[in-house]
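The values are calculated or read from the model by the stated rules, or taken from the named source; none is laboratory data. Keep in mind that what you see is a predicted model, and the values were worked out from it rather than measured. Counting neighbours? That spans all protein chains shown, and the Cβs are built from the backbone with ideal geometry, glycine included.
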Protein chains: 2
Amino acid sequence: MNTTGSLSVIGLGPGDPATLTGQARAALQQARVVIGYSGYFAWVQELVQEKECIAFPLQQEMARARLAVDRARQGDAVCVISSGDAGIYGMASLVLEVAAQSAPHTLLPEVVVVPGVSAITACAALLGAPLGHDFAVISLSDLLTPWEVIEKRLLAAAAADFVTVLLNPKSARRQWQYGRAQAILAPQRAPETPVGVVRNAYRPQQSVQLTTVSAMLEAQVDMLTTVIVGNSQTRGWQSRMVTPRGYAVAHTR
Amino acid sequence: MNTTGSLSVIGLGPGDPATLTGQARAALQQARVVIGYSGYFAWVQELVQEKECIAFPLQQEMARARLAVDRARQGDAVCVISSGDAGIYGMASLVLEVAAQSAPHTLLPEVVVVPGVSAITACAALLGAPLGHDFAVISLSDLLTPWEVIEKRLLAAAAADFVTVLLNPKSARRQWQYGRAQAILAPQRAPETPVGVVRNAYRPQQSVQLTTVSAMLEAQVDMLTTVIVGNSQTRGWQSRMVTPRGYAVAHTR
């Protein structure tokens, strides 16, 4: 028995349809069934008009993944859409986990993950070039991760001079984690170390703000905000932050 | 005096023209002068035919950045092309640094950074979803960074259970660093922890290999290779590696 279905998980980029890649566009075009958070369909309206679109509310990611695997197993050409890159805290891991769990029982099409422009690189681009050197990415959401694990990572990133990307800094329910992160990072950075705060990158209500480690708690942050904390080498210039690609005599050779 | 020039730094994605975004394509189309490593021009041949293309050999990144700023200051519409994402160890930081240095003396156009699909997300997509949770990115090149800084970061990433992306693992001149990185990571990971080794992602000679922390030194790696070392939660499934988005009861709610 051969399966005739297909299953791709694609990253749409941060929001503006212009951040979509040709690869992601092709994957969408080849699909007959498109599954994702309802808010994302507006971004790709023209590409999905003739397709079966299954829009979910926020969360319910597990239900999206299960439905995608089921429909692909039934022979449908399925595409799961994610914002940013599908692999970075996106739908790709969930779909692969569901596929792996059902794998012994059924023939499944291969899960193809199509990369996209992540929220991280999008926010970095708007800030200049904060990620020109080694960096760490830490989600401050402790819904699925024990806070002790998150705190250990913040301490490690602070001590080892990583440029540090903070995702999901605050939500309606989670208010104190961002302050705690600042309290961990600040002692290991000069007070004037540049910090970038980007909300809604490449979306209609985009805001880009440059601040410092000592003042970063004054910035308004929420679930749609990405915060990038510079390292010892990061410099601010006008409204931009730049981390050079090397230390010391890096740029004189 | 107003400058009439423009200056964008764009990421082309990992190589296949299908990984280009619409935004990057538009930035290229608006340029009159395109500057970059000679190897990249083949990827965008159709888009640059009518333009002045200034191709550099490998390295000479500083010369590329200086020329770009000079030409933009002279009123040209300039686009600097980078592979992957321009901001991650790419040309964006160099161009911004050169612009900042010359800023007091001259009116410069704003440097616009256009994000792309990074080598990191591209390699992750080919491996499945290794970056489904917090991760650290470390270049093993000690040409511009003291090895002690790199080693400190490896130790921190290993101890804090980050999924760890190793860039530039080896070159003709740098042979021992990859082994040293493995020696630091291995004691903090189970021997069977999945490790992905991707070479030439989305390029003609692409290779994707799944191995383990204990066997990762047997893989052939070089400057074109990205190595992704899983964390305590990462699992292998068939030829893929997946890091779930949470710990513990993450996927039952």
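Points worth noting:
- Test result for B:F162, within 22 Å of B:G11 (Cβ to Cβ) and either hydroxyl-bearing (S, T, Y) or facing another protein chain (nearest Cβ under 8 Å) (or both): no
- Condition check for B:L185: closer than 26 Å to A:L144 by Cβ, within 14 Å of chain A (Cβ to nearest Cβ), at pLDDT 95 or above and surrounded by 14 or more Cβ atoms within 10 Å (Cβ to Cβ): yes
- Cβ-Cβ distances below 8 Å connect the following pairs, each with a first residue in segment A:198-214 that is on the phi > 0 side of the Ramachandran plot, a second residue that is assigned to a strand (DSSP E or B), and a separation of six or more residues or different chains: A:N200/A:S207; A:Y202/A:G13.
- Residues of segment B:89-117 classified as touching a residue at least 60 places away in the same chain (Cβ under 8 Å) and within 20 Å of B:G39 (Cα to Cα), total: 9
- Scan of segment A:40-53 for residues that are in contact (Cβ under 8 Å) with a residue 12 or more places away in the chain and under 22 Å from the mean Cα position of the chain (by Cα), ordered by number: A:Y40, A:F41, A:W43, A:V44
- Selected residue [away from every other protein chain (no Cβ under 12 Å), buried (at least 20 other Cβ atoms within 10 Å of the Cβ) and more than 27 Å from B:G15 (Cα to Cα)] from B:V213, B:V195: B:V213
- Being within 23 Å of B:I54 (Cβ to Cβ), modelled with pLDDT under 95 and at the interface with another protein chain (Cβ under 9 Å from one of its Cβ atoms) is a condition met by at least one residue of segment B:74-89.
- Here is the figure for segment A:143-174: residues that are out of contact with any strand residue (DSSP E or B) (no Cβ under 7 Å at 6 or more places or on another chain), within 28 Å of A:R235 (Cβ to Cβ) and in contact (Cβ under 8 Å) with a residue 40 or more places away in the chain total 2.
- Residue in segment A:58-71 that is in a loop (DSSP other than H, G, I, E, B), in contact (Cβ under 8 Å) with a residue 12 or more places away in the chain and closer than 30 Å to A:D161 by Cβ present: no
- Residues satisfying the stated conditions in segment B:9-43, i.e. of a type in the set (S, T, Y) and assigned to a helix (DSSP H, G or I): B:T19, B:S38, B:Y40
- Residue in segment A:231-251 that is at pLDDT 95 or above, of a type in the set (S, T, Y) and within 9 Å of A:P194 (Cα to Cα) present: yes
- Out of B:T164, B:T121, sole residue that is in a helix (DSSP H, G or I) and buried (at least 24 other Cβ atoms within 10 Å of the Cβ): B:T121
- Checking each residue in segment B:216-234 for being within 18 Å of B:D161 (Cα to Cα) and surrounded by fewer than 18 Cβ atoms within 10 Å (Cβ to Cβ) picks out only B:S232.
- Check on A:Y202, within 13 Å of chain B (Cβ to nearest Cβ) and either out of contact with any helix residue (DSSP H, G or I) (no Cβ under 7 Å at 6 or more places or on another chain) or farther than 21 Å from B:E97 by Cβ (or both): yes
- If you go through segment A:10-31 and keep only what is out of contact with any strand residue (DSSP E or B) (no Cβ under 7 Å at 6 or more places or on another chain), more than 8 Å from chain B (Cβ to nearest Cβ) and more than 14 Å from A:E46 (Cα to Cα), you end up with just A:G15.
- For segment B:107-133, filtering for residues that are of a type outside the set (A, V, I, L, M, F, W, C), touching a helix residue (DSSP H, G or I) at 6+ places or on another chain (Cβ under 7 Å) and closer than 30 Å to A:P109 by Cβ leaves 5.
For (1) buried (at least 21 other Cβ atoms within 10 Å of the Cβ); (2) over 17 Å from the mean Cα position of the chain (by Cα); (3) more than 7 Å from chain A (Cβ to nearest Cβ), each residue gets a yes or a no:
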residue: B:V117; (1), (2), (3): yes, no, no
residue: B:L131; (1), (2), (3): yes, no, no
residue: B:F135; (1), (2), (3): yes, no, no
residue: B:T145; (1), (2), (3): yes, no, no
residue: B:E148; (1), (2), (3): no, yes, yes
residue: B:L154; (1), (2), (3): yes, yes, yes
residue: B:A158; (1), (2), (3): yes, yes, yes
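- Of all residues in segment B:218-239, those that are more than 10 Å from chain A (Cβ to nearest Cβ) and of a type in the set (S, T, Y) have Cβ atoms under 6 Å from Cβ atoms of residues that are buried (at least 23 other Cβ atoms within 10 Å of the Cβ) and outside any loop (DSSP other than H, G, I, E, B), 6 or more apart or on another chain, in B:T226/B:A119; B:T226/B:C123; B:T226/B:V198.
- Filter result for B:S171 (assigned to a loop (DSSP other than H, G, I, E, B), in contact with an Asp or Glu (Cβ under 8 Å, 6 or more places away or on another chain) and surrounded by fewer than 23 Cβ atoms within 10 Å (Cβ to Cβ)): yes
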